[in-house]
Amino acid sequence: MNYHNVKAEQAVALLFSSNQGLSTKEAEKRLRENGNNEIKGEKKKSLLQRFLLQLYDFSIIILLIAAAVSYFVSYMSGEPDFTDTAVILAIVILNAVIGVFEESKAQKALDALKKLSAPAAVVKRNGKQQKISASEIVDGDILILSAGDVVSADARLIASTELKIDESTLTGESLPAQKDASLVLSENTSTADRKNMVFSSTLVTSGHGEAVVTDTGMNTEIGKIAKMLTHQKNEDTPLQQRLAKLSKLLGSGALAVCAVIFVLALIRRSSAPDAFMTAVSLAVAAIPEGLPAIVTIVLSLGVGKLSKKNAIVRRLPSIETLGSASVICSDKTGTLTQNKMTATRVYIPEKKELDASSPEAAGLFMYASLCCNSSFEKKGGRLTAVGEPTENAILNVFLNSGQKYSDLEKLFPRIREIPFSSETKMMTTVHRNGKNFIQVTKGAPDILLSKCKQYYNGSITQSFGNNLRSKVLDVNSEMAKNALRVIAVTMKQLDSPQSILVDDLTFLGLIGIEDPIRPEAVKAVSTCKNAGITPVMITGDHALTAKATAKKLGIYTEGFSVINGDELERMSDEQLKEAVCSCSVFARVTPEHKVKIVDAYKSNGEIVAMTGDGVNDAPALKRADIGCAMGKNGTEVAKNASDLVLADDNFATIVNAVEIGRGLFDNIKKSVRFLLSSNIGEILLVFSAFLLGYSTPLLPIQLLWINLVTDSLPAMALGMERPEKDIMSRKPLAKDKGIITKTEGFDIAVEGMLFGALSLFAFIFGTTRYSIDTGRTMAFCALSFLEIFHAFNVRSTHSIFKISPVENINLFFSTIICALLQISVVIIHPLIRIFNTVPLNLQQWLVVGFLCIPPIIVSEAEKFLQNKKQLKKQ
């Protein structure tokens with residue numbers, strides 16, 4: 001039911017209530033039937049469920065099957081060996097534990113929504129006012145509203161006196177909304193424009209009123225937001241999607257090769273246990289077991305970097321996602337602007353526009369301050385105005401000039417007041433001035449100018465001619481186009497405090513008030529554009545204000561459209577999908593609209609980041625690829641629906657986060673390239689040896705050692721490389737692009753084939769010259785050292801001889817540690833028994849060492865050719 005579309009008395013009748021309120025018996029009945037006025041959430045997943053979800057990965061499933069097969073084969077052969085199985089299980093469990101530990105608490109947003117609900121409310125029941133728990137409010141209750149109250153439910157006003165409500169966290173409006181119970185609005189009026197309605201969790205800033213409750217709990221506007229949050233699932237980030245695609249590709253390839261090996265082994269009449277062991281070895285070789293842990297650790301390092309830049313990460317993969325962002329949708333109020341109304345410009349007749357702090361404007365602000373009702377409190381040792389934001393802006397300029405408001409009150413004590421109303425669009429106060437009286441009126445310029453017959457230019461009063469009137473109206477229009485809220489100030493000498501005049505006023509000037517943009521936001525927007533990221537403003541403010549602010553920020557592009565909520569409501573998904581391509585400003589939008597906008601960009605293949613601070617931002621924050629909430633002024637709802645919290649509320653912090661995210665993605669790519677070339681080498685070694693009729697060249701535990709130790713430590717260190725200098729000049733990676741490009745895939749294949757061939761040579765050399773155990777040990781060492789040296793090859797596209805080996809000190813030391821660990825498994829007897837190795841002599845070590853040289857030569861040749869090709873393009 002659209003209660004804003006009917007008269008107040010009709011709304012009361014439709015809800016089967018009366019101006020005396022419900023009876024206690026009827027209220028109790030409705031409470032039993034409809035439930036408490038509370039926000040309800042979905043059932044949370046248990047710790048066990050979250051742990052099991054971590055195992056829902058293609059490569060993890062293959063590893064678990066490999067572990068089971070390994071133990072089953074050893075058991076059936078009469079020599080049960082749990083070592084390989086235990087190691088595989090330990091890896092899987094460790095990865096799952098890390099995943100659960102780092103997982104964000106998805107339903108905290110709903111808990112925060114509950115906290116926003118007013119704990120108590122004053123209602124009229126049985127004709128008497130009484131205070132009850134907000135959770136006991138029902139449809140049809142009559143709410144009593146006063147300044148300072150948090151509204152407990154959605155309600156239709158039935159009476160209002162100068163009622164203003166701060167709805168910024170719900171609608172995005174900077175200024176409190178003026179409410180009027182007498183209005184009857186059209187059916188399709190947006191939430192932000194329903195001046196005869198009040199909404200749950202908004203704040204009464206001034207005035208008082210009565211309202212009949214229309215919706216409670218999950219049926220309120222804030223409840224609808226809660227439903228949207230509940231029904232939205234956290235989607236995988238682009239990095240997770242790319243890694244999942246890679247995991248399926250590797251897993252499928254491993255299964256195919258395993259099947260081929262097993263069938264060929266049976267055709268060759270090999271024993272089933274041997275065939276199984278070869279297949280298990282291949283499965284272990286194909287899957288980079290350390291990759292999930294490495295990605296988690298690299299991202300965790302990013303958490304530390306971001307925390308130093310005032311960005312708090314709530315969901316690990318979101319760091320890289322921000323680096324991939326191609327669109328940043330930002331709320332205006334409190335995100336791109338300061339959410340603090342400030343008087344910045346003034347106009348005084350016969351003078352040019354002045355800065356609000358100009359000494360020439362002091363007289364104008366003195367009169368305007370007399371016509372304000374805000375109170376004062378000390379903040380940080382300074383007196384600050386507290387109350388209606390527009391009046392706060394005027395009074396703060398007066399206070400900043402060094403004057404005391406108490407002295408002004410003594411000089412011009414207030415005698416009478418006519419409050420602001422939506423009908424007159426003005427406020428008037430009368431003050432004693434010695435033996436006489438003065439009237440001060442402030443309000444809408446178009447209304448007040450028609451009532452002025454003279455003006456005061458700071459020294460004398462003169463007649464207000466048509467030319468000057470036109471000039472003032474032009475200035476008013478220009479200020480409005482620049483996102484300023486314009487207040488006209490007038491005065492009049494009176495003989496009696498009762499003889500208030502509505503005409504024949506003296507015009508003093510115009511005051512332009514705005515919600516200032518954050519100074520650093522302009523540079524941040526420019527940096528985003530240079531990085532190929534499209535900044536988009538989404539706000540609940542009016543289109544004219546939004547467009548003007550977007551122009552100042554550099555977000556609005558000439559020729560692009562500004563779409564308001566009413567237009568958006570009439571658009572189909574396909575129309576909106578097309579419209580977002582030529583729109584950078586959305587005005588007068590609702591929470592549902594914000595989600596539709598995010599979806600439209602995502603359907604175009606964009607990776608969307610959404611910033612915001614209000615309750616109204618929460619669904620879109622959760623729906624976006626990455627949600628960025630403000631930490632200082634952001635609501636708990638927004639913070640808990642987000643992936644990233646900007647601790648300093650600084651839009652520029654997002655630029656630092658993008659740079660760090662891009663750097664991390666580059667480093668993860670380096671780690672993946674390093675690991676894949678190693679794994680391809682392992683697969684080709686095992687597969688080639690089988691085709692040549694040799695026994696398995698590497699045992700499963702040896703492959704696991706290579707994958708988890710000699711691979712993983714350098715791979716982690718690669719994640720600590722510094723970002724490239726041109727990282728913020730590149731375009732974002734397209735959503736459908738894999739983590740590895742075709743060129744990189746070719747390089748990986750070449751490197752993998754080289755590793756496989758060289759380690760196969762070591763295996764055959766050791767086997768034919770010495771024994772199968774020596775051959776395995778030589779292949780084991782050759783493959784390990786090939787990969788250790790290869791870590792330096794993948795560090796950069798530049799020659800390794802042009803980069804200091806100690807520039808990344810973590811990589812330098814990790815390779816030394818890996819080399820020492822690898823040597824230890826062939827010289828320390830307890831480890832020799834575990835890994836089934838044998839000690840190598842000097843000749844065997846020399847062969848292993850020489851085999852490590854060819855990959856360096858090949859890698860240097862690749863880099864030389866690629867850099868030469870790049871230079872030709874330039």
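The values are calculated or read from the model by the stated rules, or taken from the named source; none is laboratory data. Here the structure is a predicted model, which means the values were calculated and not measured. For neighbour counting, all protein chains shown are included, and Cβ atoms are generated from backbone atoms with ideal geometry for every residue, glycine included. Heads up: the accessible areas ignore ligands, DNA and RNA and are worked out on the full protein's heavy atoms, side chains in. Shrake-Rupley method; radii C 1.70, N 1.55, O 1.52, S 1.80 Å.
For the range 358-377, the set of residues classified as over 24 Å from residue 164 (Cα atoms) and either without any contact (Cβ under 8 Å) to a residue 60 or more places away in the chain or surrounded by fewer than 18 Cβ atoms within 10 Å (Cβ to Cβ) (or both) consists of 358, 359, 360, 362, 363, 366, listed by residue number. Return yes or no: is residue 559 of a type outside the set (Val, Ile, Thr) and at positive phi? Yes; evaluated as a whole, the condition is true for this residue.
Test each condition in (1) more than 20 Å from residue 714 (Cβ to Cβ); (2) exposed (fewer than 12 other Cβ atoms within 10 Å of the Cβ); (3) in contact (Cβ under 8 Å) with a residue 12 or more places away in the chain for residue 838 and report the one that comes out false. Going through the list (1) more than 20 Å from residue 714 (Cβ to Cβ); (2) exposed (fewer than 12 other Cβ atoms within 10 Å of the Cβ); (3) in contact (Cβ under 8 Å) with a residue 12 or more places away in the chain, residue 838 breaks only (2).
Of all the numbered requirements in (1) crowded, with 21+ Cβ neighbours inside 10 Å; (2) touching a His at 6+ places or on another chain (Cβ under 9 Å); (3) not charged (D, E, K, R), residue 525 misses one, and that requirement is (2).
Take the residues in the range 557-583 that are hydrophobic (A, V, I, L, M, F, W, C) and part of a helix (DSSP H, G or I), then tell me which one is farthest from residue 190 (Cα to Cα).
Within the range 557-583, the match that is farthest from residue 190 (Cα to Cα) is 581.
Scanning the range 738-769 for residues that are free of Cβ contacts under 8 Å to residues at least 24 places away in the same chain and not β-branched (Val, Ile, Thr) yields 742, 745, 746, 769.
Any idea which residue in the range 650-664 is nearest to residue 749 (Cα to Cα), counting only those that are open to solvent by 10 Å² or more (accessible area, probe 1.4 Å) and at pLDDT 85 or above? For the range 650-664, the residue satisfying everything is 662. Just to be sure, is residue 458 free of Cβ contacts under 8 Å to residues at least 24 places away in the same chain and at positive phi? No; evaluated as a whole, the condition is false for this residue. Could you check, for the range 345-353, whether at least one of its residues is modelled with pLDDT of 90 or more, under 30 Å from residue 649 (Cβ atoms) and not charged (D, E, K, R)? Within the range 345-353 (the criterion being modelled with pLDDT of 90 or more, under 30 Å from residue 649 (Cβ atoms) and not charged (D, E, K, R)), the answer is yes, since at least one residue qualifies. Within the option set 133, 146, 117, being at pLDDT below 90, open to solvent by 20 Å² or more (accessible area, probe 1.4 Å) and over 25 Å from residue 194 (Cβ atoms) holds for one residue only, 133.
So that you can scan it fast, the table gives a plain yes or no per residue for (1) under 14 Å from residue 497 (Cβ atoms); (2) touching a strand residue (DSSP E or B) at 6+ places or on another chain (Cβ under 6 Å):
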{"position": "405", "(1), (2)": "no, no"}
{"position": "412", "(1), (2)": "yes, yes"}
{"position": "416", "(1), (2)": "yes, yes"}
{"position": "431", "(1), (2)": "yes, yes"}
{"position": "456", "(1), (2)": "no, yes"}
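Does residue 748 meet the test of being under 30 Å from residue 605 (Cα atoms), open to solvent by less than 10 Å² (accessible area, probe 1.4 Å), of a type in the set (A, V, I, L, M) and part of a helix (DSSP H, G or I)? Steps first, answer last, please.
On the way: under 30 Å from residue 605 (Cα atoms): yes; open to solvent by less than 10 Å² (accessible area, probe 1.4 Å): yes; of a type in the set (A, V, I, L, M): yes; part of a helix (DSSP H, G or I): yes.
Yes: the conditions hold for residue 748.
The rows are residues; the columns are (1) closer than 30 Å to residue 665 by Cβ; (2) of a type in the set (Gly, Ala, Ser).
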residue: 320; (1), (2): yes, no
residue: 325; (1), (2): yes, yes
residue: 335; (1), (2): yes, no
residue: 338; (1), (2): no, no
residue: 345; (1), (2): no, no
residue: 354; (1), (2): no, no
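Out of the residues in the range 368-405 meeting the condition of being under 35 Å from the mean Cα position of the chain (by Cα) and at positive phi, tell me which one is modelled with the highest pLDDT. Once the filter is applied, the top-ranked residue is 387.
Applying the criterion of at least 3 residues that are under 41 Å from the mean Cα position of the chain (by Cα) and farther than 26 Å from residue 395 by Cβ to the strands (runs of 3 or more DSSP E) found wholly in the range 443-545 leaves 534-538. Take residue 826 and decide whether it is buried (at least 17 other Cβ atoms within 10 Å of the Cβ), without any contact (Cβ under 8 Å) to a residue 60 or more places away in the chain and either more than 17 Å from residue 855 (Cβ to Cβ) or within 37 Å of the chain's Cα centre (by Cα) (or both). Considered against the rule, which asks whether it is buried (at least 17 other Cβ atoms within 10 Å of the Cβ), without any contact (Cβ under 8 Å) to a residue 60 or more places away in the chain and either more than 17 Å from residue 855 (Cβ to Cβ) or within 37 Å of the chain's Cα centre (by Cα) (or both), residue 826 comes out as yes. Among the residues of the range 727-745, those identified as among the hydrophobic types (A, V, I, L, M, F, W, C) and either part of a helix (DSSP H, G or I) or open to solvent by 10 Å² or more (accessible area, probe 1.4 Å) (or both) are 727, 728, 733, 734, 740.
State all residues of the range 378-407 that are in a helix (DSSP H, G or I) and either in contact with a Lys or Arg (Cβ under 6 Å, 6 or more places away or on another chain) or surrounded by fewer than 16 Cβ atoms within 10 Å (Cβ to Cβ) (or both); if no residue qualifies, say none.
Those that are in a helix (DSSP H, G or I) and either in contact with a Lys or Arg (Cβ under 6 Å, 6 or more places away or on another chain) or surrounded by fewer than 16 Cβ atoms within 10 Å (Cβ to Cβ) (or both): 400, 406, 407.
Residues in the range 565-584 that are open to solvent by less than 50 Å² (accessible area, probe 1.4 Å) and not aliphatic (A, V, I, L, M): 565, 583, 584. Exactly one residue out of 801, 761 is at pLDDT 95 or above and either under 24 Å from residue 669 (Cα atoms) or out of contact with any strand residue (DSSP E or B) (no Cβ under 9 Å at 6 or more places or on another chain) (or both): that is 761.
When the residues of the range 1-19 are filtered to those that are assigned to a loop (DSSP other than H, G, I, E, B) and not aliphatic (A, V, I, L, M), which remaining residue is farthest from residue 139 (Cα to Cα)? Taking the candidates together, the pick is 7.
Scanning the range 696-726 for residues that are open to solvent by 10 Å² or more (accessible area, probe 1.4 Å) and either in a helix (DSSP H, G or I) or touching a helix residue (DSSP H, G or I) at 6+ places or on another chain (Cβ under 6 Å) (or both) yields 696, 701, 705, 708, 709, 713, 716, 720, 721, 723. The residues of the range 596-630 that are part of a helix (DSSP H, G or I), among the hydroxyl-bearing types (Ser, Thr, Tyr) and in contact with a strand residue (DSSP E or B) (Cβ under 9 Å, 6 or more places away or on another chain) amount to a single one, 601.
Restricting the range 585-628 to residues that are buried (at least 24 other Cβ atoms within 10 Å of the Cβ) and of a type in the set (Asp, Glu) leaves a set whose member that is farthest from residue 339 (Cα to Cα) is 625. Those strands (runs of 3 or more DSSP E) of the range 126-236 in which 1 or more residues are basic (Lys, Arg) and touching a helix residue (DSSP H, G or I) at 6+ places or on another chain (Cβ under 8 Å) occupy 154-166.
Within the bounds of the range 619-633, is there any residue that is at negative phi, at pLDDT below 85 and β-branched (Val, Ile, Thr)? Within the range 619-633, none of the residues are at negative phi, at pLDDT below 85 and β-branched (Val, Ile, Thr).
May I ask you to verify whether residue 110 is open to solvent by less than 10 Å² (accessible area, probe 1.4 Å) and modelled with pLDDT under 90? Answer is yes for this residue.
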